[in-house]
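Asker: A single structure is presented below for examination.
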Amino acid sequence: MGLAPTMTPKGRDCRLDSNEPERAKGHFRENGRLVFWLLVVWFLVSYGAAMFVAPLNQVTFLTGFPLGFYMGSQGSLIVFVALIFVYAWMMDKIDRKYGVEE
Amino acid sequence: MRSLARIWTLYLGGFVGVIALLWALEKNGLVNQDGINYSFMFLTIGVYAVIGILSRTNKLDEYYVAGRSIPGIFNGMATGSDWMSAASFIGMAGLIYALGYEGMAYIMGWTGGYVLLAVFLAPYIRKFGQYTIPDFVASRYGEGFPRVAAVLAAILVSLTYLTAQVTGVGVIMSRFLHIDYKVGVFVGLLGILVCSFLGGMRAVTWTQVAQYIILIIAYMVPVVALSYRFTGVPVPQVMYGEALQNINTLEAAQGIEKAFIAPFNDWSPVMFIALTICLMAGTAGLPHILVRFYTVPSVRESRYSVGWALLFIFLLYFTAPAYATFTRWEILANTVGQAIDSLPAWVQNWQATGLLSITDANADGILQFAELQLHNDAVVLSMPEIAGLPAVVAGLIAAGGLAAALSTADGLLMVVATAISHDLYFKLINPKASDQVRLWISKILLIVVALVAAVLAQFQFQFIANIVAWAFSLAAASFFPVLVLGIWWKRATKTAAVSGMLTGLAVTFAYIIYSRSTGHFLFGIRDTAAGIFGMPLNFLITWLVSYYTPAPAQEVQDAVEDLRYPKRLRQEPAAATGDD
């Protein structure tokens, strides 16, 4: 799917032109896929780790952190920050791919 | 952008310089703790006032959304301090100290929501690009009821939260300046107004940046020093692992059953998960955070801005457990097991403040762990003393706590004031009002709302921490579902959204009242996680009712679709609202 020509608004008619529906659907799909996988990771490091705290605590990490506690207090947070920056960067690429960047 | 970086670096340097100056004065006996505290408080408020004056404006765009000109990284800093209130700054470490692993529900809950904010909401709010959250709800779902419902929810959530902040400011003022709490509230009020009155959101944003720099420096200094003192490495966030190990050993040796790191010894797993969900969804549904993403220049920048915001928040949040752990280690190692009449100096000093109490329950003259009661706030506030730091640092903490409280208060104040001046007055009562009239009404309302919050704060409600948690549950149960569905599902209708919001609010309220008055919890879920009942119901009702009501007009559906693309693909309708 190549870059479509720049959109020119047709007077007061706000409909997208013939190329647009395909372009739009592709963008939405890729957006949705990205969000889905990011949220899978989000879920695993937060709720996932919380559900297995006790066994995870048997593992020691870094200067002596029980891993379960570590995930709750620091590990998941680091992942959250990374997820958002990954999201911003990848959405930028997706926007450019479909020609809808600002 | 370069000049901004230069200005703020100078500011940072200036602040460090002031700290150094006060320290030098202290070492030479020229100033005492009170002098230090007063200096810090009034110097910082003075700086905020200057920024507030420099940011003054008569343009609506700047008053409401800072002219949409705040670069992403600074917007992130402002969001960070907007987010981190006195509760985060002073209270959270104490929460973790008391709850151990359960405290992680707050840590994860108050950070994980930013991921939801980034992927579901922020970029679309920015593309929408108006002034308030009720603006979005009205545009998406229709004028009238949706706007009113949104205004109600926004005021409910923000005013309760604001009252908690003003209470916090009053407490900080009274504790550090030794003035009466009620007077402190009004002094704090002045602090809040100087940051916002003349420049609205523009002033609020830049004072929030200033406040972030102060609060993060203030937060780091004591615990970095302590980490160095206890472990030889000044990186507390890495070294507190060692503290955890020591705590484990000491707890075992002293026969303490509720282990710090052990999960679910205070709450059920269901409560932990429920609270985390409520806090995360509430985070993404709080109006005063959502509007922060109107103020950046572009959709692309809004996404990065959420990342920056979380990074700046992370800096404090990943340090809070270090405070809790080092304090607990200190107490278990050096305080427990000592004779009660020869406890370390810091313990005796803090007993005098009433934040720490010792009762010799078994009358053996020796302190057992259970005999020491430590108020949550004391964990952060006593750290400078535990670390053996000069008085300057205690004053620094005061300035940091004040910065945190003021920044959040200002953000909330803007939401409530604009809900009335823009959403109620301009949109519903007098759409022909001129810009000047709208500006004046906004300014007057800032003062009025601040006064209302100050009056409410006079009561110094005991359950202030609960009130904040309830605000999250209410936001999770009202705004979050309706905004997410509104953006991602074209079929969501007006009737459905209003029904959903009102149901969510009602159910959450009902559970709060029920659980507080009967003391009975369903599945162990406390009132602080009441939103776990309201939020799914809101989703369900909005979804169901949408199918039974006519689909939104094609132009609304097109507008929703258009939100998804950063580029302006459609010609904007003529500026009938006179907003931009």
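Asker: Which value, in Å², gives the accessible area per residue of the protein assembly as shown when a 1.4 Å probe is used on the protein heavy atoms? Walk me through the numbers on the way to the answer.
Answerer: Numbers: 25190 Å² over 682 residues.
I get 37 Å² per residue for this part.
Asker: Rounded to the nearest 10 degrees, what's the angle between the helix B:72-83 long axis and the longest principal axis of chain B, both from Cα atoms, 0 to 90?
Answerer: 60 degrees
Asker: Quote to one decimal, in nm, the extra length available between residue B:349 and residue B:8 on full extension: 0.36 nm per residue of separation minus the C-alpha distance between them. Show your work: numbers first, answer last.
Answerer: Working: separation 341, 0.36 × 341 = 122.76 nm, distance 3.74 nm.
Between residue B:349 and residue B:8, full extension yields 119.0 nm more.
Asker: Continuing with this model, one more query. Just tell me the longest site-free run in chain B, where the sites are chymotrypsin sites (Phe, Trp or Tyr not before Pro) in a DSSP loop having at most 15 other beta-carbon atoms within 10 Å.
Answerer: Value returned for the longest uninterrupted segment is B:1-458.
Asker: Return the average number of partner chain Cβ atoms within 10 angstrom of each residue Cβ along peptide A:82-94.
Answerer: On the way: counts 4, 7, 15, 8, 1, 8, 14, 3, 1, 8, 5, 0, 0.
For peptide A:82-94, the averaged partner shielding equals 6.
Asker: Here's another thing I want to ask about it. Past the 11 angstrom mark, what percentage of all C-alpha to C-alpha distances in segment B:224-263 do you count? Don't jump to the answer; show the numbers that get you there.
Answerer: Values: 494 of 780 pairs.
Counting pairs separated by more than 11 Å, the tail of P(r) holds 63 percent.
Asker: Something else about it: Could you pull out which residues in segment B:452-478 have an amide N less than 18 Å from a spot 7 Å beyond the Cα of residue B:510, following the Cα-Cβ vector?
Answerer: B:473-478
Asker: Give the share of C-alpha pairs in each 10 angstrom bin for chain B, from 0 to the last occupied bin, in whole percents, shortest bins first.
Answerer: The percentages, shortest bin first, are 4, 17, 28, 26, 16, 7, 2, 0, 0.
Asker: A further question on this structure: For segment B:320-443, what mean projected area does the convex hull of the alpha carbons give, in nm²? Please list the in-between numbers first.
Answerer: Details: hull surface 46.3 nm².
Mean shadow area of the hull around the Cα atoms is 11.6 nm².
Asker: Next question. Please report the orientation-averaged projected area of segment B:256-349, defined via the convex hull of its C-alpha atoms, in nm². Please list the in-between numbers first.
Answerer: Details: hull surface 38.2 nm².
Dividing the Cα hull surface by four gives the mean projection, 9.5 nm².
Asker: Using label points projected 7 Å from each Cα along Cα→Cβ, tell me how many nm separate residue B:430 and residue B:256, to one decimal.
Answerer: Inter-label distance under the simple model: 6.1 nm.
Asker: Any number yet on Rg/Rh for the protein assembly as shown, C-alpha, Kirkwood? Show your work: numbers first, answer last.
Answerer: Details: Rg = 25.2 Å, Rh = 25.9 Å.
Dividing the radius of gyration by the Kirkwood radius yields 0.97.
Asker: Oh, and also: Calculate how steeply helix B:145-177 sits against the longest principal axis of the alpha-carbon atoms of chain B, using the helix alpha-carbon long axis, and give the answer as 0 to 90 degrees to the nearest 10.
Answerer: 20 degrees
Asker: What nm distance separates the two modelled labels at residue B:249 and residue B:69, each placed 7 Å from Cα along Cα→Cβ?
Answerer: Distance between the two pseudo-spin positions: 5.9 nm.
Asker: Here's a follow-up. D for segment B:470-510, whole µm²/s, Stokes-Einstein with Kirkwood Rh over alpha-carbon pairs at 4 °C and 1.567 mPa s: what number?
Answerer: Numbers: Rh = 10.2 Å.
Taking Rh from Cα pairs, D becomes 127 µm²/s.
Asker: So what's Rg/Rh here for segment B:1-128, counting alpha carbon atoms and using the Kirkwood radius for Rh?
Answerer: Working: Rg = 19.4 Å, Rh = 18.5 Å.
Reported Rg/Rh, Kirkwood definition of Rh: 1.05.
Asker: Angle, helix B:2-27 long axis vs. longest principal axis of chain B, Cα atoms, 0 to 90°, nearest 10?
Answerer: Its long axis makes an angle of about 30 degrees.
Asker: Per q in 0.15, 0.16, 0.18, 0.30 1/Å, what log10 I(q)/I(0) does a Debye calculation on the alpha-carbon atoms of segment B:420-469 return?
Answerer: For the requested q values the scattering log ratios are -0.56, -0.60, -0.66, -1.05.
Asker: What is the percent carbon and sulfur in the accessible area of chain B, measuring with a 1.4 Å probe over the protein chains and ignoring ligands? Don't jump to the answer; show the numbers that get you there.
Answerer: Values: 13110 of 19900 Å².
Roughly 66 percent, rounded to a whole number.
Asker: Now for a different question. Over segment A:19-102, consider all pairs of different Cα atoms and compute the Kirkwood hydrodynamic radius from their mean reciprocal separation; express it in Å, one decimal. Can you show the working numbers first?
Answerer: Values: mean 1/r = 0.0680 Å⁻¹.
Answer for segment A:19-102: a Kirkwood hydrodynamic radius of 14.7 Å.
Asker: Reported to two decimal places, what Rg/Rh ratio describes segment B:239-303 when computed on Cα atoms with Rh from the Kirkwood expression?
Answerer: Numbers: Rg = 19.9 Å, Rh = 15.7 Å.
Rg divided by Rh gives 1.27.
Asker: To the nearest hundred square angstrom, how large is the accessible surface buried between A and B, total for both chains, probe 1.4 angstrom? Could the numbers behind the result be given before it?
Answerer: Working: alone 7870 and 22270 Å², together 25190 Å².
Buried area between the two chains comes out at roughly 5000 Å².
Asker: Sticking with this one: With a/c under 1.5 counting as rounded, go ahead and sort segment B:400-487 into rounded, prolate or oblate using the C-alpha gyration tensor (a ≥ b ≥ c being the square roots of the eigenvalues; past the cut-off, prolate if a/b is larger than b/c, else oblate). Each step should come with its number before you reach the end.
Answerer: Working: a/c = 2.22, a/b = 1.25, b/c = 1.77.
Here segment B:400-487 falls in the oblate category.
Asker: Once phi is turned into θ = phi - 60°, what whole-Hz ³J(HN,Hα) does the Karplus curve with 6.51, -1.76 and 1.60 give for every residue of segment B:543-554, x standing for Gly and Pro?
Answerer: With the stated coefficients, segment B:543-554 comes to 5, 4, 4, 4, 5, 8, 10, x, 4, x, 4, 4 Hz.
Asker: Restricting the calculation to Cα positions, tell me the Rg (one decimal) and the Dmax (whole number) of segment B:147-246 in Å.
Answerer: 19.0, 58
Asker: Evaluate the distance, in nm, between pseudo-label points positioned 7 Å from the Cα of residue B:465 and of residue B:373 along their respective Cα→Cβ axes.
Answerer: Going by the 7 Å Cα→Cβ label model, 1.3 nm.
Asker: Tell me, rounded to the nearest percent, the portion of alpha carbon pairs in segment B:173-224 spaced more than 12 Å apart.
Answerer: Details: 938 of 1326 pairs.
That fraction is 71 percent.
The values are calculated or read from the model by the stated rules, or taken from the named source; none is laboratory data. Fair warning: this is a prediction, and the values are worked out from it, not measured in the lab. As a convention, Cβ positions derive from the backbone with ideal geometry for all residues, glycine included, and neighbour counts pool all protein chains shown. The accessibility values were calculated without ligands, DNA or RNA, using every heavy atom of the protein model including side chains. Shrake-Rupley method; radii C 1.70, N 1.55, O 1.52, S 1.80 Å.
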